[in-house]
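Asker: One structure follows; several queries about it will come next.
The values are calculated or read from the model by the stated rules, or taken from the named source; none is laboratory data. Predicted model only: the values in this text are computed from it and were never measured. Here the Cβ positions follow ideal geometry from the backbone for every residue, glycine too, while neighbour counts run over all protein chains shown. For the accessible areas, the whole protein counts, side chains as well, though only heavy atoms, and no ligand, DNA or RNA atoms are used. Shrake-Rupley method; radii C 1.70, N 1.55, O 1.52, S 1.80 Å.
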Amino acid sequence: RDLLAIKKMIVAAPDPESANLELVGQPMPVPGVTVNDLQTVVRHACKAIDYDRECAQAYVMLVRGVIELSRYDEMVVHPVPLREGLPLAQRGKSIDESIADPWAAYIEINIHLKRWDVVTENLANFRARKFDAKLSAELSLLAAKGQELPADEVLWYDKLLALTELSSDRAELHGRQGMAYLKLKLKKEADECFHRALVEGGPLSWVAHH
């Protein structure tokens with residue numbers, strides 16, 4: 001009986017090295033990653049957590065995997081898996097609140113669950129901690145879209161444009177900002193954005209396909 005208890009303690013002992021090895025080579029779950037790859041990431045993240053319950057990055061990848069596997073389009077995500085994943089997001093954030101990624105995963109899952117008081121509070125904390133400015137702007141933009149606030153979308157697109165250098169990315173941002181202006185029935189401003197998108201990205205830019 002004592003030997004069995006010792007074996008259980010050994011099995012339960014944290015193994016951070018093995019946890020990290022489970023995550024090596026796994027892509028961060030983002031839009032565009034295939035379902036098969038997302039399922040693989042989720043499996044590896046679960047194994048990593050089995051090895052080390054304090055592996056914050058594993059919680060991030062698991063939560064982001066759940067979000068992407070539940071996604072219909074940019075702003076429509078099935079809420080049931082998200083509600084089940086919410087405690088995991090909270091756990092990941094609580095392990096080390098000095099890391100940005102767990103905060104971002106927690107904020108994003110709350111955006112899709114439309115828990116706006118939680119989102120507002122945590123975005124304020126995210127900014128106060130002076131995490132990556134671009135990630136902060138992306139999360140704020142996502143929150144504005146979720147709340148259908150096109151005027152706020154326009155402002156966050158401006159912020160992202162100021163933080164983005166790659167022409168193809170800037171072209172897409174201009175194009176999407178133009179769509180936000182159209183929601184506000186500001187056709188002149190929208191046309192200016194679409195023109196800038198074409199200038200930045202050329203005839204094959206995002207706006208040319210829309």
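Asker: Give all pairs with beta carbons closer than 6 Å in which a residue from the stretch 120-134 that is under 13 Å from GLU97 (Cβ atoms) meets a residue that is surrounded by 14 or more Cβ atoms within 10 Å (Cβ to Cβ) and hydroxyl-bearing (Ser, Thr, Tyr); count only pairs at least 6 apart in sequence or on separate chains.
Answerer: Pairs found: PHE126/SER136.
Asker: Looking only at the stretch 152-165, filter to residues that are open to solvent by 40 Å² or more (accessible area, probe 1.4 Å) and outside any helix (DSSP H, G or I); which one of those is farthest from GLU138 (Cα to Cα)?
Answerer: Here is the first cut: in the stretch 152-165, the residues open to solvent by 40 Å² or more (accessible area, probe 1.4 Å) are 152, 155-156, 158-159, 162-163, 165.
Filter again for outside any helix (DSSP H, G or I), leaving 163, 165.
Values: LEU163: 11, GLU165: 15 Å.
Filtering first and then ranking leaves GLU165.
Asker: Out of curiosity, is ILE99 open to solvent by 60 Å² or more (accessible area, probe 1.4 Å) and free of Cβ contacts under 8 Å to residues at least 60 places away in the same chain? Walk me through how you get there before you give the answer.
Answerer: On the way: open to solvent by 60 Å² or more (accessible area, probe 1.4 Å): yes; free of Cβ contacts under 8 Å to residues at least 60 places away in the same chain: yes.
Taking the combined requirement at face value, the residue satisfies it.
Asker: Could you list all residues from the stretch 13-28 that are of a type outside the set (D, E, K, R) and either at pLDDT 85 or above or surrounded by 10 or more Cβ atoms within 10 Å (Cβ to Cβ) (or both)?
Answerer: Initially, the stretch 13-28 is screened for residues of a type outside the set (D, E, K, R), giving 13-14, 16, 18-21, 23-28.
Across the stretch 13-28, the qualifying residues are PRO14, PRO16, SER18, ALA19, ASN20, LEU21, LEU23, VAL24, GLY25, GLN26, PRO27, MET28.
Asker: Right, next: When you scan the stretch 110-117, do you find a residue that is open to solvent by less than 50 Å² (accessible area, probe 1.4 Å), modelled with pLDDT of 95 or more and over 13 Å from the mean Cα position of the chain (by Cα), even just one? First the steps, then the outcome.
Answerer: Just the residues of the stretch 110-117 that are open to solvent by less than 50 Å² (accessible area, probe 1.4 Å), to begin with: 110-113.
The next check asks that each one be modelled with pLDDT of 95 or more; those that pass are 110-113.
Add one more test, that the residue is over 13 Å from the mean Cα position of the chain (by Cα), and what stays is 113.
Yes, the stretch 110-117 has at least one match.
Asker: Only one of (1) buried (at least 18 other Cβ atoms within 10 Å of the Cβ); (2) modelled with pLDDT under 95 fails for PRO81. Which number is that?
Answerer: Unmet for PRO81, out of (1) buried (at least 18 other Cβ atoms within 10 Å of the Cβ); (2) modelled with pLDDT under 95: (1).
Asker: If you take the residues in the stretch 128-151 that are under 16 Å from the mean Cα position of the chain (by Cα) and within 20 Å of ARG91 (Cα to Cα), which one is surrounded by the fewest Cβ atoms within 10 Å (Cβ to Cβ)? Can you show your working first?
Answerer: To start, the set of residues in the stretch 128-151 that are under 16 Å from the mean Cα position of the chain (by Cα) comprises 131-146.
The next check asks that each one be within 20 Å of ARG91 (Cα to Cα); those that pass are 131, 139.
Numbers: PHE131: 18, LEU139: 22.
Looking at the filtered set, the residue picked out is PHE131.
Asker: Considering only residues of the stretch 51-74 that are part of a helix (DSSP H, G or I) and within 13 Å of ASP96 (Cα to Cα), which is most open to solvent (accessible area, probe 1.4 Å)? Before you say what the answer is, go through the steps one by one.
Answerer: Of the residues in the stretch 51-74, the ones part of a helix (DSSP H, G or I) are 51, 56-69.
Pick out the ones that are also within 13 Å of ASP96 (Cα to Cα) and you get 56-60.
On the way: ALA56: 12, GLN57: 68, ALA58: 0, TYR59: 15, VAL60: 7 Å².
That would be GLN57.
Asker: Restricting to the stretch 166-191, count the residues that are out of contact with any helix residue (DSSP H, G or I) (no Cβ under 8 Å at 6 or more places or on another chain) and surrounded by 15 or more Cβ atoms within 10 Å (Cβ to Cβ).
Answerer: The initial filter retains those residues of the stretch 166-191 that are out of contact with any helix residue (DSSP H, G or I) (no Cβ under 8 Å at 6 or more places or on another chain), namely 166, 169, 185-186, 188.
Subsequent filtering for residues that are surrounded by 15 or more Cβ atoms within 10 Å (Cβ to Cβ) retains 169, 186.
So the answer is 2.
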